[in-house]
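Let me begin by presenting the structure, written as structure tokens, before commenting on it.
The values are calculated or read from the model by the stated rules, or taken from the named source; none is laboratory data. The structure presented is a predicted model; accordingly, all values stated were derived computationally and were not measured. Here the Cβ positions follow ideal geometry from the backbone for every residue, glycine too, while neighbour counts run over all protein chains shown. Accessible surface areas use protein heavy atoms only, side chains included; no ligands, DNA or RNA. Shrake-Rupley method; radii C 1.70, N 1.55, O 1.52, S 1.80 Å.
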Amino acid sequence: MTNWEPILLANVNRPNSEKIETYMRYGGYEALRKALKMTPDQVTAEVKLSELRGRGGAGFPTGVKWGFMPKDAPVKYLAVNTDEGEPGTFKDRLIVERDPHTILEGVIIAAYAIGAHRAFVYIRGEFFLGVKRWIKAISDAYQKGFLGKNILGSGFDLDVSVHRGAGAYICGEETAMIESLEGKRGVPRKKPPFPAQKGLLGQPTIVQNCETLANVPHIILRGGRWYASIGTEKSRGMKIFCVSGNVNSPGNFELPLGTPLKEIIYEHAGGVRRGRDIKAIIPGGSSTPFLTAEKINTPMGFETLQAAGSALGTGAIIVMDETTDMVEVVRHVTRFYVHESCGYCFPCRIGGKRMLSSLEKLAGGKGSMRDIEDLEYVAKGMYGRTFCPLGTGMAEPVLSALRLFRPEFEKKTTKN
Ligand SMILES: Cc1cc2nc3c(=O)[nH]c(=O)nc-3n(C[C@H](O)[C@H](O)[C@H](O)COP(=O)(O)O)c2cc1C
């Protein structure tokens, strides 16, 4: 079993873990003190050296993104993505509720590095406790002088505020999130321009996931080289894997990237319930393609999962045992994405509904081979052709299920 000292979840099980006093008792805000003695460019260079990649799903290199921030722009913003809508994903919520200061310290260091004096936390509307914890953490950080004017006598100023979304999955997409922060309906924007060029209120904006930011204090304290020594060649550092589905001990497990899927499922998550065999695994949240049990030895990294035909996504592993009805799973997942489609582009708006209609017929035993053909035709037509990745994410489970489990779909059809 991979034994590794946790960094992101080190505090979550301590009594009163959410309090600033607890966080500081265990070394909290020491990284900020260190960062403020470095230049912003040195901080960015350390994060580049760590090879940290975004944990919100897309895996973009964090230090590289910070480097895109135009140096001469008078106003710059940082937006903190606490939307966490991808089914199967429940890691950001755990850190926000149990250890918000670990993210907040990362926020302050990131804002310093990119030269932002204003940061916005965007949090999913349903996370009531998370909202309270964010507000309390920010207010305590102001009191201790970690936020506001002249932070720790460094001359650096930063204000942070919390904004609640209304529970729309699309508002986790960075440009839709920016629209929502501006008080508009959450619909994605055309890219380019990317948010780092023209984001919130037309100003350069860096959007970063909570788990990504929680890594930053550790990178500053222990060095980018130390961080890059964890994991695999292309997937560095620690990752929180959210394991759910037919396992004995579902939960969040923080392990080095590159830990084999088999180890996570059988040694950390307690194995498959009732000792059953695995039929399918979703490795990175429900918009990533299914894997079959043969891929169980795949290391959980960006490059290794891609080679196995799927993606790391958010690191949300959903395990389905041999009794699972795959048509029902795909119907269920598609229903979610159809509900969450913002409706802006027609392949997603109309294609999603058409796929769902075929899936409902098949799941109800009233479908035909024609429905399977139509399902595949529409999914292929949507793939890579929607305005934002939501539509492609909706087509992924359909296409991979048809590729891997087609006989199950065919078994559901009536004769024609
Ligand atoms: C449909 C959709 C939903 C998304 N939802 C989230 C989300 O809930 N949280 C998140 O951090 N990133 C989400 N993302 C990714 C963001 O667009 C963005 O890449 C990320 O917040 C950048 O931060 P990172 O580089 O730290 O991962 C979503 C992307 C898409 C296409």
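Where only protein heavy atoms count, and the probe is 1.4 Å, what is the accessible area per residue for the chain in Å²?
42
Using amide H atoms built 1.01 Å from N in the peptide plane, name the residues 5+ places from residue 279, or on other chains, whose amide H lies under 5 Å from its own.
The list, which skips near neighbours in sequence, is 320, 321, 322.
Mind telling me which of 212, 386, 62 comes out most flexible in a GNM of the chain, alpha-carbon contacts under 10 Å?
Judging by the Gaussian network model, the answer is 386.
How far is helix 389-411 tilted, in degrees, relative to the longest principal axis of the Cα atoms in the chain, given as a value from 0 to 90 rounded to the nearest 10?
Roughly 30 degrees between the two axes.
Using a 1.4 Å probe on the protein chains only, how many percent of the accessible area of segment 238-320 belongs to carbon and sulfur?
Here carbon and sulfur together make up 47 percent of the probe-accessible area.
Highest GNM mean-square fluctuation, the chain, Cα pairs closer than 10 Å: which of 396, 376, 294?
294
Along segment 377-384, what does the Karplus equation 6.51 cos²θ - 1.76 cosθ + 1.60 (θ = phi - 60°) give for ³J(HN,Hα), rounded to whole Hz, x for Gly and Pro?
4, 5, 4, 5, x, 7, 4, x
Provide the descending list of Cα extents for the chain along its principal axes, expressed in whole angstroms.
Largest first, the chain extends 77, 46, 36 Å along its Cα principal axes.
When we measure straight from the Cα of residue 132, which lysines land under 29 angstrom away, once same-chain ones fewer than 8 places off are left out?
Straight-distance partners of residue 132: 19, 34, 76, 91, 144, 149, 184, 239.
Per-residue HN-Hα couplings for segment 354-366, Karplus 6.51 cos²θ - 1.76 cosθ + 1.60 at θ = phi - 60°, whole Hz, x for Gly and Pro?
5, 5, 5, 5, 5, 5, 5, 5, 5, 5, x, x, 10
Loop only per DSSP, at most 15 neighbouring Cβ atoms within 10 Å: give me the GluC sites (Glu not before Pro) in segment 141-242, ordered by residue number.
Those that pass, being in a loop and sparsely packed, are 182, 233.
Tell me, what HN-Hα J-couplings in whole Hz come from the Karplus equation 6.51 cos²θ - 1.76 cosθ + 1.60 at θ = phi - 60° for each residue of segment 289-302, using x for Gly and Pro?
Per residue, the Karplus-derived 3J(HN,Hα) values read x, 5, 10, 9, 4, 4, 8, 4, 8, 4, x, 7, x, 4 Hz.
Assuming a ≥ b ≥ c are the square roots of the Cα gyration tensor eigenvalues, decide whether segment 142-265 counts as rounded (a/c under 1.5), prolate (otherwise, with a/b larger than b/c) or oblate.
Oblate shape, in that a/c is at least 1.5 and b/c is the bigger or equal ratio.
How many nm separate the modelled label positions at residue 411 and residue 152, each set 7 Å beyond the Cα in the direction of the Cβ?
So the label points at residue 411 and residue 152 sit 6.0 nm apart.
Using modelled backbone amide H atoms (1.01 Å from N, in-plane), which distant-in-sequence or interchain residues come within less than 5 Å of residue 198's amide H?
Here the answer is 205, since their amide H atoms fall under 5 Å of that of residue 198.
In whole percent, and with a 1.4 Å probe on the protein chains, what portion of the accessible area of segment 18-104 is carbon and sulfur?
54
What part of the accessible area of segment 326-411, given as a whole %, is carbon or sulfur when the probe is 1.4 angstrom?
Of all accessible area on segment 326-411, carbon and sulfur atoms account for 55 percent.
What are the extents of the Cα atoms of segment 326-411 along their three principal axes, in Å, largest first?
The principal-axis extents, from largest down, are 35, 20, 19 Å.
Would segment 263-344 count as rounded, prolate or oblate if I go by the C-alpha gyration tensor, calling it rounded below 1.5 in a/c and otherwise prolate when a/b exceeds b/c, oblate otherwise?
oblate
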